[in-house]
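Single-structure report; data block below.
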Amino acid sequence: MAHPSPPAAHDRGRSAPAPLDSAVWDTHPEPLPLSSAPLPAYGTGSLADLLPTLAAGLGVPGTTAAIPELTPADRNCVFLIDGLGWEQLRAHPDEAPFMTSLLAASRGGTGRPITTGYPATTATSLASVGTGLPPGAHGLPGYTVRDPGTGALMNQLRWQPWTPPGAWQPYPTVFELAHRAGVHAAQVSSPTFANTPLTKVALSGGSFHGRLSGEERMDVAAEQLAAADRSLVYTYYAEVDGAGHRFGVDSDTWRGQLMYVDRLVQRLAEQLPPRSALYVTADHGMVDIPFDEQHRIDFDEDWELKAGVALLGGEGRARHVYAVPGAAGDVLTCWREVLGEQFWVASRDEAIEAGWFGPSVDERVHQRLGDVIAAARDDVLLIASEREPRESAMVGNHGSLTPAEQLVPLLEVRS
Ligand SMILES: [Zn+2]
């Protein structure tokens with residue numbers, strides 16, 4: 001990130017409260033103004049706008065071409081590479097020669113970034129892609145969020161604890177709309193995702209084809225594209241994200257994954273049937289976070305941040321904070337002071353008003369959002385070493401509003 005990290009507001013390692021004299025409080029930096037937070041390009045160039053644009057080009061009722069620059073095609077394929085942000089792709093042209101070639105003017109120069117949505121996380125983004133709706137409407141607004149029905153956290157990616165999917169996300173997917181309109185719709189992904197609730201609410205409609213290997217997925221995606229005169233096909237690859245989480249976005253393992261997925265894109269591009277458009281995109285980017293106390297603030301060790309908090313949701317760079325009854329205002333004040341310039345800290349109403357989750361937030365989604373919402377600006381992470389030991393140990397992270405996380409490629413190949 002370009003921003004220099006501000007000095008730590010105070011010593012986080014202490015166990016006893018510091019004296020509350022004004023000299024201590026005066027060392028807190030000014031809270032970050034919310035107006036400085038970059039907003040996702042909802043309605044003009046976000047992940048939620050992609051499938052409706054393709055479906056509108058196929059004449060599917062109920063869909064709108066929100067990205068008018070995309071030329072309609074009869075056969076449309078979206079290849080979603082989990083975790084491959086625009087900035088990370090641009091920083092590694094040698095590992096991704098084919099995708100990089102798609103950016104060149106000689107190929108039409110069609111490659112450009114679009115934004116994900118907030119938060120920049122897989123469950124939220126897959127729902128945005130599949131439903132064509134921003135998070136405030138589809139209602140998967142975080143990695144974990146509070147279920148107002150039970151009062152407990154629900155993990156949106158693993159769908160734990162199980163919650164009735166159709167009530168949680170009641171809208172039809174774009175694949176369902178396309179299928180009803182006579183367009184051949186198909187998803188080609190890992191067999192393990194065939195019947196998951198997340199697949200059901202985000203990606204169902206038409207037929208699901210589970211294939212273990214990336215090569216087979218590309219081949220089946222090409223077959224499905226060719227299976228009808230008008231088609232809408234989705235395919236997916238997960239391991240760029242996995243390598244980034246475990247080893248970092250510039251690690252050998254990550255770069256090896258980028259080289260591999262670049263060859264997958266080429267394999268699919270070379271098999272496109274006539275009158276096709278292939279769009280390569282991603283669900284979020286990623287940032288590496290150094291392993292020290294200045295960059296990894298531990299909620300479980302911080303008495304100030306914990307005060308008045310009933311539940312900690314979201315993830316390290318995109319937190320939903322649920323306060324005990326009556327404490328929301330105090331929690332907001334305290335989080336602003338403690339996190340200073342390192343996080344944008346908003347109340348639920350402020351985040352809704354600012355449009356972080358889209359132009360509006362459905363009534364059923366309101367109480368899933370934190371009373372306080374904190375989005376990381378710098379290369380910092382709000383971990384929870386006791387509650388979330390596995391997540392707290394990850395090298396690469398994502399979720400927030402920064403360009404490294406929000407910008408994802410939209411690369412186009414046409415036949
Ligand atoms: Zn991830």
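Below are the figures for this structure:
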read-out	value
Inter-label distance for SER35 and ARG390, nm, one decimal - labels placed 7 Å from Cα along Cα-to-Cβ	4.3
Under 5 Å, built H, 5+ apart or other chain: amide partners of GLY313	HIS320, VAL321, TYR322
Antiparallel %, DSSP beta bridges [both residues in the chain], to 5	50
As computed over the chain, the Cα convex hull volume per residue (Å³)	128
Volume of the Cα convex hull of the range 286-415, divided per residue and given in Å³	139
Kirkwood hydrodynamic radius over Cα pairs of the range 145-201, then Stokes diffusion coefficient at 4 °C and 1.567 mPa s, in µm²/s	100
10 °C / 1.306 mPa s Stokes-Einstein diffusion coefficient of the range 40-104, Kirkwood radius on C-alpha pairs, µm²/s	118
Gyration tensor (Cα) of the range 246-352, equivalent ellipsoid semi-axes in angstrom	41, 19, 10
Length released on extending from SER360 to ALA307, taking residue separation times 0.36 nm less the Cα-Cα span	16.1 nm
Relative contact order (%) - criterion: Cα under 8 Å, at least six apart; region: the range 271-333	19
Neighbourhood charge, 12 Å Cβ-Cβ cut-off, centred on THR63 and excluding it, Lys, Arg +1 and Asp, Glu -1	-1
Alpha carbon Rg of the range 195-254, scaled by the compact-globule rule 2.2 N^0.38 Å	1.40
ASP300-ASP229 FRET efficiency (beta carbon distance; Förster radius 56 Å; 0.05 resolution)	0.50
Residue among GLY117, GLY314, GLY355 with the largest mean-square fluctuation in a Gaussian network model of the chain, springs linking Cα atoms under 10 Å	GLY355
Semi-axis lengths, Å, the range 186-291, gyration tensor of Cα atoms, sqrt of 5 times eigenvalues	27, 17, 11
Cα-projected label distance for GLU350 with ARG414, points at 7 Å along beta-carbon direction, nm	4.5
Among ASN155, ASN195, ASN397, residue whose mean-square fluctuation peaks in a GNM of the chain (springs only between Cα atoms under 10 Å)	ASN195
Acute angle (nearest 10 degrees) that the helix 328-339 long axis makes with the longest principal axis of the chain, alpha-carbon atoms	90
Percent of beta bridges antiparallel (DSSP, the range 267-415, rounded to nearest 5)	90
Label-point separation, THR333 to ARG158 (7 Å along Cα→Cβ), nm	3.7
Given the chain, longest segment not containing exposed loop chymotrypsin sites (Phe, Trp or Tyr not before Pro) (DSSP; at most 16 other Cβ within 10 Å)	1-161
25 °C / 0.890 mPa s Stokes-Einstein diffusion coefficient of the range 140-248, Kirkwood radius on C-alpha pairs, µm²/s	159
Over the chain, relative contact order from alpha-carbon pairs under 8 Å, at least 6 apart, %	27
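No lab work stands behind these numbers, since they all come straight from the coordinates. Given the structure is predicted, the values throughout are model-derived calculations rather than measurements. With ideal geometry, Cβ positions are generated from the backbone for all residues, glycine too; neighbour counts draw on all protein chains shown.
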